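To keep things clear, I will list the structure first and then write my remarks on it.
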Amino acid sequence: DALLERGDERGEFIQLQIARASGRGTREALLRERALARDPKRLAAWALPLANGGTVRFRRGFVGQLTFKPAVAKKVLGEPALATVERVDGLQALSAKLAIELLDDPGLRRVRTVTALPQLVLDRLAPGDRPWRDLTTHGVPPNALLRSLRTLRILTLRTVDETPLPSGLFEDTQLEALFLEPGWTGSV
């Protein structure tokens with residue numbers, strides 16, 4: 001509302017995206033939202049400072065998805081703007097140390113979807129209460145880490161390895177869906 005009162009188009013963009021997300025959008029509102037999103041300079045300004053760390057997508061008027069780029073991901077560590085991010089991608093392209101630093105950043109406490117976590121990160125990531133609901137890995141999470149993810153509902157395991165899954169891996173989890181990539185079909 002404060003942005004709208006000042007005549008800032010970002011306020012209108014936020015309002016339009018929230019209306020659409022809550023099912024109150026109209027065709028005219030969608031066309032206006034798209035018109036606002038067509039200006040690359042405007043979007044780039046709205047995406048800062050998170051665009052300094054990778055590629056962004058907006059949700060409800062704020063950065064909702066961040067795909068990290070290896071050369072610049074470190075630039076967003078500690079940014080308060082991370083608080084709006086709900087999905088992170090691109091972690092497999094980062095060093096394990098940087099990926100863990102980012103996942104442990106307090107700003108990313110609202111992340112619900114994490115994709116493409118490599119085995120090296122899974123092995124080094126300390127168990128902890130993270131609000132993740134959807135996790136895609138390139139490897140098998142350690143039992144302790146998996147059990148600490150109390151809100152996890154969807155797990156996708158990707159690997160070319162046919163090593164059997166560890167015994168008891170899914171005990172004490174609340175998974176609603178488990179997806180195993182084709183390399184796992186012989187080991188389940």
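The values are calculated or read from the model by the stated rules, or taken from the named source; none is laboratory data. Quantities reported herein were computed from a predicted structural model and do not represent experimental measurements. A quick note on method: Cβ atoms are made from the backbone with ideal geometry, for glycine too, and the neighbour counts reach across all protein chains shown. Each accessible area value is taken on the protein alone, full model and side chains, heavy atoms only, with ligands, DNA and RNA left out. Shrake-Rupley method; radii C 1.70, N 1.55, O 1.52, S 1.80 Å.
Summary table
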{"item": "Residue within the range 70-82 that is under 13 Å from ARG110 (Cα atoms) and surrounded by fewer than 16 Cβ atoms within 10 Å (Cβ to Cβ) present", "result": "yes"}
{"item": "Selection from the range 151-172 of residues that are buried (at least 18 other Cβ atoms within 10 Å of the Cβ) and within 18 Å of ARG112 (Cβ to Cβ)", "result": "LEU152, LEU155"}
{"item": "Qualifying residue in the range 11-22 (condition: open to solvent by 60 Å² or more (accessible area, probe 1.4 Å) and free of Cβ contacts under 8 Å to residues at least 12 places away in the same chain)", "result": "yes"}
{"item": "One residue from ASP105, ASP129, ASP134 being out of contact with any Cys (no Cβ under 9 Å at 6 or more places or on another chain), under 26 Å from SER167 (Cα atoms), among the acidic types (Asp, Glu) and surrounded by 15 or more Cβ atoms within 10 Å (Cβ to Cβ)", "result": "ASP134"}
{"item": "Residue count, the range 89-134 (criterion: over 25 Å from PHE62 (Cα atoms) and in contact with a Pro (Cβ under 6 Å, 6 or more places away or on another chain))", "result": "1"}
{"item": "Answer residue from the range 137-150, given it is under 18 Å from the mean Cα position of the chain (by Cα) and open to solvent by 60 Å² or more (accessible area, probe 1.4 Å) and is farthest from ILE100 (Cα to Cα) among those", "result": "ARG150"}
{"item": "Subset of the range 132-163 that is part of a helix (DSSP H, G or I) and not basic (Lys, Arg) - its residue that is nearest to ALA177 (Cα to Cα)", "result": "LEU146"}
{"item": "From ALA37, ALA29, ALA44, residue being surrounded by 15 or more Cβ atoms within 10 Å (Cβ to Cβ) and farther than 13 Å from ARG60 by Cα", "result": "ALA29"}
{"item": "The range 117-131: number of residues that are part of a strand (DSSP E or B) and over 16 Å from LEU152 (Cβ atoms)", "result": "1"}
{"item": "Test for THR115: is it crowded, with 16+ Cβ neighbours inside 10 Å and within 25 Å of LEU178 (Cβ to Cβ)", "result": "yes"}
